[in-house]
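In what follows, a single structure is set out as structure tokens and then discussed.
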């Protein structure tokens, strides 16, 4: 159910299971996470509060309870429309995560989320210390490396940020979140032309990961999960989309022309818009990722000329 995003149904099932295994903290923790994923933040906060109120009786589970409470408050801060509410939720989140870190300073996940919360409230310098702790405990963690990249970028250390991002990509090759950050940093450090090349690589990466018009028809042993395969409705054949960036160079003048570039980009984007007329299958994030790649390519193209 979690893989399908059915968090509401999952939380209901876990609530029923709690009647038979009330003392199992694992179920408490999973129920709290499922409530947060389902957007039931108040219920999740109340559940986390009930565990933290046990104090020492909760034993080694207490740091995780404070972690859940901090995450819940942080998510509520993101959803808050009034600044006074947002600030209050952020304070509660920071207080809970700091408590969790003090109770278990060797938990890499708690340290990473504390650093993230500090970054969210613009305490960038303060976020470095717990993040370094997280990386010392789990040096190849994707989220910690990505957060360090963003913190270095926020401090205008763009070269160091790119070096860190390179390390992250060596550990997690093909991760689209890292690649989107790489495009942004390359625009700042090297210019939009280099960033466009990365966009091209991302398009090809998307094709390798999700387009199975070639592999799924002939290879039933594909490593791509069936739930994540992109299929085309019968009669449509292969998707009508060219996963390559258009050539922005004007052949008649052998130079780059803004008007030619814009017209060719519009033509390429119209290919992507044709996807709306076909039956999409698989998780929504697959198609959202493709659209974001093209949007980023368009932005980088615009920056090339303006």
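The values are calculated or read from the model by the stated rules, or taken from the named source; none is laboratory data. No experiment lies behind these values; they were computed from the predicted model shown. Cβ placement follows ideal geometry from the backbone for every residue including glycine, while neighbour counts extend to all protein chains displayed.
For the reader, a short list of remarks on this structure follows.
- Selection within the range 62-90 - over 24 Å from the mean Cα position of the chain (by Cα) and part of a helix (DSSP H, G or I): 62, 63, 83, 84, 85, 88
- Residues satisfying the stated conditions in the range 167-189, i.e. surrounded by 14 or more Cβ atoms within 10 Å (Cβ to Cβ), more than 13 Å from the chain's Cα centre (by Cα) and part of a loop (DSSP other than H, G, I, E, B): 172
- Every condition in (1) buried (at least 22 other Cβ atoms within 10 Å of the Cβ); (2) farther than 23 Å from residue 38 by Cβ holds for residue 74 except the one numbered (2).
- Check on residue 103, at pLDDT below 95 and closer than 19 Å to residue 63 by Cβ: yes
- Among the criteria (1) under 27 Å from residue 298 (Cα atoms); (2) modelled with pLDDT of 95 or more; (3) surrounded by fewer than 16 Cβ atoms within 10 Å (Cβ to Cβ), the one residue 151 does not fulfil is (3).
- For the range 96-118, the tally of residues that are part of a helix (DSSP H, G or I) and over 22 Å from residue 49 (Cβ atoms) stands at 5.
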